[in-house]
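K.L.:
Could you have a look at this structure, given as structure tokens, before my questions?
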Amino acid sequence: MKLKVITSNPGKVAEYAKSFADLGIGMEHYRLPYDEVQTSDLEEVVSKGMDEIERKGVRDYIIDDSGLFVDALKGFPGVWSAYAQKTIGNPGILKLMEGVGDRGAEFRCCIGCDISGQRIIVTGVCRGYITDSERGDGGFGFDPIFTPDGGRTFAEIPIEEKNGMSHRGNAVKLLIEEMKKRNLVRAHQ
Ligand code: ITT
């Protein structure tokens, strides 16, 4: 079985491909623009996006809406993460955090999956810290400035290891549990 990963971000596709390889579910990068409604709720963005994708007749897919929520910035960039990444980028976030002692932050990822005519929406979180400088060449987006434990950044750790602890990896675990409960994948896998 194959699921389409509807996204403009190839980094997400690579992470899903690794996470689902053991279940025998392949991932195909599928580009289909859809509206991301302006709301502070990731799940609402995902569920409205799924309504639109389904109206276009597309089935068996995954979308995800993610964001980085920085404690000292009252949750910014949060739902505006894609815009912040494109405009001020990681240097801009580090600048806003200059001299700030509280480095706490969390990544959140809401996944919407349509599989065999059923809809599943789950959210995963990963807490960590904003670094003082960018580190690492791997990953994408905010990975070079986020560390889950104060050590290596997400851009410095291999994709399998990131999946084992990340917001997206945690959401995927919930998604797979739900797929098993509904007998959409074999329970022994
Ligand atoms: P699509 O909406 O087309 O899927 P996107 O990259 O715009 O792609 P999001 O809106 O979900 O995805 O992501 C908001 C921003 O957060 C964006 O700049 C991402 O690069 C970044 N981001 C999401 N997940 C991330 C992760 O695991 N590590 C680092 N940055 C991440």
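K.L.:
Could you please find all residues in region 29-39 being loosely packed, with under 11 Cβ neighbours inside 10 Å and modelled with pLDDT of 85 or more? Explain how you work it out, then say what you get.
P.N.:
Start the filter on region 29-39 by keeping residues that are loosely packed, with under 11 Cβ neighbours inside 10 Å, which leaves 31, 33, 35, 38.
Listed by number, the residues that qualify are R31, P33, D35.
K.L.:
Yes or no: region 86-108 includes at least one residue that is within 10 Å of the ligand (Cβ to nearest atom), of a type outside the set (D, E) and touching a Ser or Thr at 6+ places or on another chain (Cβ under 9 Å). Working first, answer last.
P.N.:
As a first pass, look at region 86-108 and keep what is within 10 Å of the ligand (Cβ to nearest atom): 86, 89-90, 107-108.
From what is left, the residues that are of a type outside the set (D, E) are 86, 89-90, 107-108.
Those still in the list that are touching a Ser or Thr at 6+ places or on another chain (Cβ under 9 Å) too: 107-108.
Looking through region 86-108, at least one residue is within 10 Å of the ligand (Cβ to nearest atom), of a type outside the set (D, E) and touching a Ser or Thr at 6+ places or on another chain (Cβ under 9 Å).
K.L.:
Would you check which residues across region 134-160 are charged (D, E, K, R), surrounded by fewer than 18 Cβ atoms within 10 Å (Cβ to Cβ) and closer than 21 Å to D65 by Cα and list them?
P.N.:
E160
K.L.:
While we're looking at this one, here's another question. Which of (1) farther than 14 Å from G141 by Cβ; (2) within 12 Å of the ligand (Cβ to nearest atom); (3) not basic (K, R) does D51 not meet, given it meets every other one?
P.N.:
The number of the failed condition is (2).
K.L.:
Being farther than 21 Å from R108 by Cα and of a type in the set (S, T, Y) narrows it down to one of Y34, Y30, so name that one. Talk me through it step by step, then tell me what you get.
P.N.:
Values: Y34 fails: farther than 21 Å from R108 by Cα.
Going through Y34, Y30 in turn, just one is farther than 21 Å from R108 by Cα and of a type in the set (S, T, Y): Y30.
K.L.:
Considering each of G150, G124, G141, G169 in turn, give the residue that is within 11 Å of the ligand (Cβ to nearest atom) and assigned to a loop (DSSP other than H, G, I, E, B). Walk me through it before giving the result.
P.N.:
Values: G150 fails: within 11 Å of the ligand (Cβ to nearest atom); G124 fails: assigned to a loop (DSSP other than H, G, I, E, B); G169 fails: assigned to a loop (DSSP other than H, G, I, E, B).
Matching residue, one of G150, G124, G141, G169: G141.
K.L.:
What are the pairs with Cβ atoms under 8 angstrom where one residue, in region 135-162, is of a type in the set (K, R) and the other, located anywhere, is surrounded by fewer than 21 Cβ atoms within 10 Å (Cβ to Cβ) and part of a helix (DSSP H, G or I)? Sequence gap at least six, or different chains.
P.N.:
Note: pairs meeting the criteria are R135/E156; K162/G169.
The values are calculated or read from the model by the stated rules, or taken from the named source; none is laboratory data. Everything numeric here is computed off the predicted structure, so don't read it as measured data. Cβ sites come from the backbone with ideal geometry, for glycine too, and all protein chains shown count toward neighbours.
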